[in-house]
Amino acid sequence: MDSILIGKIVNVHGIKGEVKIYPYTDDTYNLSKLKEIYFDSSLKESYAIKSCKIIKNMLVLKLQGIDTVEAADVLKNKELFIPKLVIDETDTYYIADLIDCDVIDMEKNDIIGKITYVFNTGANDVYEVETPDKNKVYLPAIKQVVKNVDVKDKKIYVKLMDGLI
């Protein structure tokens, strides 16, 4: 089963074994609903979550079996994973699935480059694309530009608007 890296334990919180999590997403609300987390990408070592609260965009978790500061301190710097869920919605993808996809100009049938990074501007995501000559191109992830995303074949087909590149 595939996994997703969601954050890292950065410190202990309080004296009852709680841990403070730096989340790798801005969706802390949905992370706070988790029932268990994993300490490895193979999803073998899990801990049940007894409670979770959000403090200043950080998660504070109380994990089953971690009841002292000393036990929590051992967990510092551990990365946290969850199982990757199957997404049935169209036009919805995990960012990790977009990284290294070939970006192809539909009109010229040319490869523009590969996606190296995705960031959000508030209005939409922006794809950072590294061209074969190692330059960076930034494409807005909007319907007028991104026409087809095939994460299985690692290809994204785009229609470039005037002045975009």
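Computed from the coordinates by the stated procedures, all read-outs in this text should not be read as laboratory data. Remember, it's a predicted structure, so these values are computed and weren't measured experimentally. A quick note on method: Cβ atoms are made from the backbone with ideal geometry, for glycine too, and the neighbour counts reach across all protein chains shown.
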Counting Lys and Arg as +1 and Asp and Glu as -1, what is the net charge of the other residues whose Cβ lies under 11 Å from the Cβ of residue 17?
-> -1
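Would you calculate a helix-derived [θ] at 222 nm for the chain, using -39,500 (n - 2.57) for each DSSP H run of n ≥ 4 and dividing by the full residue count, to the nearest 500?
-1500 deg cm²/dmol, from helical runs alone.
Counting residues in region 1-113 as N, plug N into 2.2 N^0.38 Å and put the Cα Rg over that result.
Here the answer is 1.33, to two decimals.
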Return a whole-number percent for the relative contact order of the chain, with Cα pairs under 8 Å and 6 or more residues apart as the contact set.
-> 18 percent
Grab the beta carbon distance between residue 125 and residue 64, set R0 = 35 Å, and tell me the FRET efficiency rounded to 0.05.
-> 0.45
Relative contact order for region 1-61 using alpha-carbon pairs under 8 Å, separation at least 6, rounded to a whole percent?
-> 34 percent
Would you mind computing the Rg to Rh ratio of region 95-158 from its alpha-carbon coordinates, Kirkwood style for Rh?
-> 0.93
Which pairs, out of 108/134; 8/154; 33/114; 114/147, put more than 24 Å between their alpha-carbon atoms?
-> 8/154; 33/114
Residue separation between residue 32 and residue 107 times 0.36 nm, minus their alpha-carbon distance, gives in nm 22.6 nm
Coil-residue trypsin sites (Lys or Arg not before Pro) of region 69-160, DSSP, other Cβ within 10 Å capped at 10 | 108, 134, 143, 152
